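Asker: Below are the structure tokens for one structure; questions will follow.
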Amino acid sequence: MSNPLALAVMALLFERPMHPYEMVTLMRERGKHGSVRLRYSSLYSVVGALEREGLISSLETVREGRRPERTVYGITDAGREEFLTWLRELLREPVKEYTQFAAGLSYLPALPPEEAADLLEERVRLLEKEVEETRSRLDRVMEELDLPRLFLVENEHELVLREAELGWVRGLAREIREGTMGGIEGWRAFHPRPAEEGEDG
């Protein structure tokens, strides 16, 4: 099991038994949908997979008023052990994560330097907005919900990563724009400007 949503389900059931709708409600209330992609269809698939693996089990089916029946799940002893082992590994071991941005950077020379700088500067503007919104949201949640920092560390982590990326991308765009980046002469030669292409004619 390597799906972050599976980790979230097991973490919730580690607290107490509950049905999938309650899981979604709690994750949204706690802001966990910011760190885990949350969809009902995916959630039910994950719950089914965890049950097949013997990590969770259905305990009872309940009906509240006219609502449809809901199955309440609980974590098994094997699931409890698996969850804690997985959690310890995630916290302890750095893992290479393959981001879309890193993939784009690896093929940066395919674009003319000026266009690359334009795109990176646009990313800077979007990151600035995202960092500001994330910081504001974090402050608001801490103030309105009076949550201890313990329950917001994943949001802090996201903010720190975005701030670091913002500073780095800003510097990279500036180096390309100013022509101080190592290898930029060869890069420019690979993408001659229209005026340069017609010089010999």
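The values are calculated or read from the model by the stated rules, or taken from the named source; none is laboratory data. Everything numeric here is computed off the predicted structure, so don't read it as measured data. A quick note on method: Cβ atoms are made from the backbone with ideal geometry, for glycine too, and the neighbour counts reach across all protein chains shown. Heads up: the accessible areas ignore ligands, DNA and RNA and are worked out on the full protein's heavy atoms, side chains in. Shrake-Rupley method; radii C 1.70, N 1.55, O 1.52, S 1.80 Å.
Asker: Please give the helix 77-92 orientation as an angle from the longest Cα principal axis of the chain, in degrees from 0 to 90, rounded to the nearest 10.
Answerer: 20
Asker: Can you give me the angle between helix 153-178 and the longest principal axis of the chain, using Cα atoms only, in degrees from 0 to 90, rounded to the nearest 10?
Answerer: 10
Asker: Would you kindly find the accessible area of residue 129, with a 1.4 Å probe and non-protein molecules such as ligands, DNA and RNA excluded, rounding to the nearest 10 Å²?
Answerer: 120
Asker: Now for a different question. Between residue 137 and residue 60, what FRET efficiency follows from the Cβ-Cβ distance if R0 is 45 Å, with the result rounded to 0.05?
Answerer: With R0 = 45 Å, the Cβ-Cβ based efficiency is 0.75.
Asker: Please determine, in degrees from 0 to 90 and to the nearest 10, the orientation of helix 40-52 with respect to the longest principal axis defined by the Cα atoms of the chain, where the helix direction is its Cα long axis.
Answerer: Around 60 degrees separate the two axes.
Asker: Next up: Given contacts defined as C-alpha pairs under 8 Å and at least six residues apart, what's the relative contact order of the chain, whole-number percent?
Answerer: 18
Asker: Using a 7 Å offset from the Cα along the Cα-to-Cβ direction at both residue 71 and residue 49, what is the distance between the two label points in nm, to one decimal?
Answerer: 1.6
Asker: If you don't mind, another one. At 1.4 Å probe size, with no ligands or nucleic acids counted, give the accessible surface of residue 169 in Å², nearest ten.
Answerer: 0
Asker: Moving to a separate point now. Heavy-atom accessible area of residue 139 with all protein chains present, probe 1.4 Å, nearest 10 Å²?
Answerer: Using a 1.4 Å probe on the heavy atoms, I get roughly 90 Å².
Asker: If you don't mind, there's one more thing I want to ask. When you have a sec, figure out the Kirkwood radius of region 42-140 from all distinct Cα pair distances and drop it here in Å to one decimal?
Answerer: About 18.8 Å for region 42-140.
Asker: Still on this structure, please answer the following. Using a 10 Å Cβ count of at most 16 others and DSSP loop calls, identify the longest part of the chain lacking such GluC sites (Glu not before Pro).
Answerer: 98-198
Asker: Can you give the calculated 222 nm mean residue ellipticity of the chain, where each DSSP H run of n ≥ 4 adds -39,500 (n - 2.57) and the sum is split over every residue, rounded to the nearest 500 deg cm²/dmol?
Answerer: -20500 deg cm²/dmol
Asker: Quick check on the chain: what are the equivalent-ellipsoid semi-axes from the Cα gyration tensor, as sqrt(5λ), descending, whole Å?
Answerer: Largest first, the chain gives 47, 20, 16 Å.
Asker: For a distance above 18 Å, tell me the whole-number percent of Cα pairs in region 110-201 that qualify.
Answerer: 60
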